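One structure is given below, encoded as structure tokens.
Values quoted throughout were computed directly from the atomic coordinates according to the rules given, and no laboratory measurement underlies them. On a predicted model such as this, the values are computed, not experimentally measured, just so you know. Quick reminder, even Gly has a Cβ in these numbers, built from the backbone with ideal geometry, and neighbours come from all protein chains shown.
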């Protein structure tokens, strides 16, 4: 059994200073983040950082809210330093990280600019990193809220053809988080950052389970980094409601470390699991049917509780080879495709195409996975026990920060939760709890259990 040291901590500044490390997993884990400034008044450091990274003319990206919160201050300091810039501000009240937004900012990009500054959080950062990739420019992010974990990652969470996808973009060379600014962010953004961090309980658990069942690459050192940042965030969570700058600093550092961990792993595995798929599906349904949608981190916090219910069910399972084989034998891909089209509209079509390449429903592949599961069931249960806290604990942490703790608060019915759960196995090529339950032939029973819990 793997022995986990849950007392170990990691210094984010030391990791950045070293630029990476040779790991016991046999890989070198590096980060492109060269500078990180988290302090009161940090925005005043921006001109020096622009010059340090070779910037002579900057292209600034913000929206109406983030321009007011930090963009004007950035412009003021660049003006004082004599650094020319072009400032692009999204004028619509709600910007989505999609083809339209990337195309719009690209059309206004000034080719004379040699460095890009994103001023915002999730959406602006994702768009800014994509623009930096398209133009080959260095990228600096000026954080306006501790709301998500994508600041230090080299990917962007985008909407492409109505589907949430993770696309390769760039990692920022510098991250600036002015505590005066981010501590003043709307309360819901502080809660979202906490929700995104709590999701790491599930992501690390599922990463380990996937390693056992599918042989997917897993690095315990990266997992330790994520656990360390999660532990510190949870210990400081009560201070968020009071906007305690030290608590906010711990959250933003944890989110940045989680983003680095994803870069180290070369995938989103250390930072997202089935709980993120709940959120992605709610966003996709909103695009199609205008159903309720909330900040990604808020949804991930609630979905972490839902995922913990699912793992409570998994703990009660007694695997049966024949039950699993019979379930898969009776599974109809045509009937299933009809269901997800009904659930997601046209957003289901890319998922159907994904399965043609992935072939997770192939009976031979299933039989092979099933034998691995049966042979390693005790180890899988050990992983769940080692990694996951009680649902009541996560609920308490969120409640203390004033965040939602139920799907009903987000406007989702128990039926919607059941259906969202069973579709999570199709959203991307990642082995998560719903895939394990499908392999075992228990997916429908787990969905019923979750519906009952969600309706309580």
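Using a Förster distance of 25 angstrom, determine the FRET efficiency expected from the C-beta separation of residue 14 and residue 39, and round it to 0.05. Write down the numbers at each step before the final one.
On the way: r = 17 Å, r/R0 = 0.67.
According to the calculation, E is roughly 0.90.
In whole Å, how far is the Cα centre of region 399-453 from that of region 269-338?
Comparing the Cα centres of region 399-453 and region 269-338, I get a distance of 4 Å.
Measure off 7 Å from each Cα along the Cα-to-Cβ vector at residue 352 and residue 315, then give the distance between these two points in nanometres to one decimal.
Each label point lies 7 Å from its Cα, and together they span 4.0 nm.
Using only helices, what value at 222 nm comes out for the chain when you add -39,500 (n - 2.57) per DSSP H run of length 4 or more and divide by the total residues, to the nearest 500 deg cm²/dmol? Don't jump to the answer; show the numbers that get you there.
Working: 21 runs with 249 residues, N = 456.
That calculation yields -17000 deg cm²/dmol at 222 nm.
Measuring from label point to label point, each 7 Å out along Cα→Cβ, what is the residue 333 to residue 180 span in nm?
Between residue 333 and residue 180, the label points sit 6.0 nm apart.
Enter the Cα centre distance for the pair region 184-231 and region 62-105, rounded to the nearest angstrom.
30 Å
Could you tell me which of rounded, prolate or oblate describes region 21-112, using a ≥ b ≥ c as the square roots of the eigenvalues of the alpha-carbon gyration tensor, with rounded for a/c under 1.5 and, failing that, prolate when a/b is larger than b/c and oblate otherwise? Present the calculation step by step, with values, prior to reporting the outcome.
On the way: a/c = 1.87, a/b = 1.32, b/c = 1.42.
The shape class here is oblate.
Starting with the fewest neighbours, write out 346, 272, 332 ranked by other beta-carbon atoms found within 10 Å of each beta-carbon. All intermediate terms of the calculation are to be shown ahead of the outcome.
On the way: 346 13, 272 28, 332 10.
Ordered by Cβ neighbours within 10 Å, fewest first: 332, 346, 272.
Once both axes come from the Cα atoms, what is the angle between helix 391-400 and the longest principal axis of the chain, in degrees from 0 to 90, rounded to 10?
The helix 391-400 is inclined about 30 degrees to the chain.
What is the list of residues in region 409-438 whose amide nitrogen lies under 11 Å from a point 7 angstrom out from the Cα of residue 372, following Cα to Cβ?
From region 409-438, the list is 431.
Going 7 Å from the Cα of residue 399 in the Cα-to-Cβ direction, what parts of region 206-247 have a backbone nitrogen less than 15 Å from that spot?
Within reach of a label on residue 399: 238.
Can you list, bin by bin at 10 Å, the percent of alpha carbon pairs in region 171-236, starting at 0?
Going out from 0 Å in 10 Å bins, region 171-236 shows 17, 36, 32, 13, 2 percent.
Could you rank the peptides 367-377, 274-284 by their average count of other C-beta atoms within 10 Å per residue, with the highest value first?
Details: 367-377: 14.9, 274-284: 26.4.
The densest-packed peptide leads the list: 274-284, 367-377.
Quick one: the Cα spread of region 272-454 along its three principal axes, in angstroms, biggest first?
That works out to 47, 39, 25 Å along the principal axes.
Say each of residue 99 and residue 160 gets a label point 7 Å from the Cα, pointing the same way as Cα to Cβ; how far apart are those two points in nm?
Going by the 7 Å Cα→Cβ label model, 1.1 nm.
Can you tell me which of 197-203, 109-115 comes out highest on packing, and rank the rest after it, using the mean Cβ neighbours within 10 Å? Numbers along the way, then the final one.
Details: 197-203: 28.7, 109-115: 15.7.
Descending mean neighbour count gives 197-203, 109-115.
For region 13-182, compute Rh as the Kirkwood radius over C-alpha pairs and then the Stokes-Einstein diffusion coefficient at 4 °C and 1.567 mPa s; write the answer in µm²/s, rounded to an integer. Before the final figure, lay out each step's value.
Numbers: Rh = 16.1 Å.
Rounded to a whole number, D works out at 80 µm²/s.
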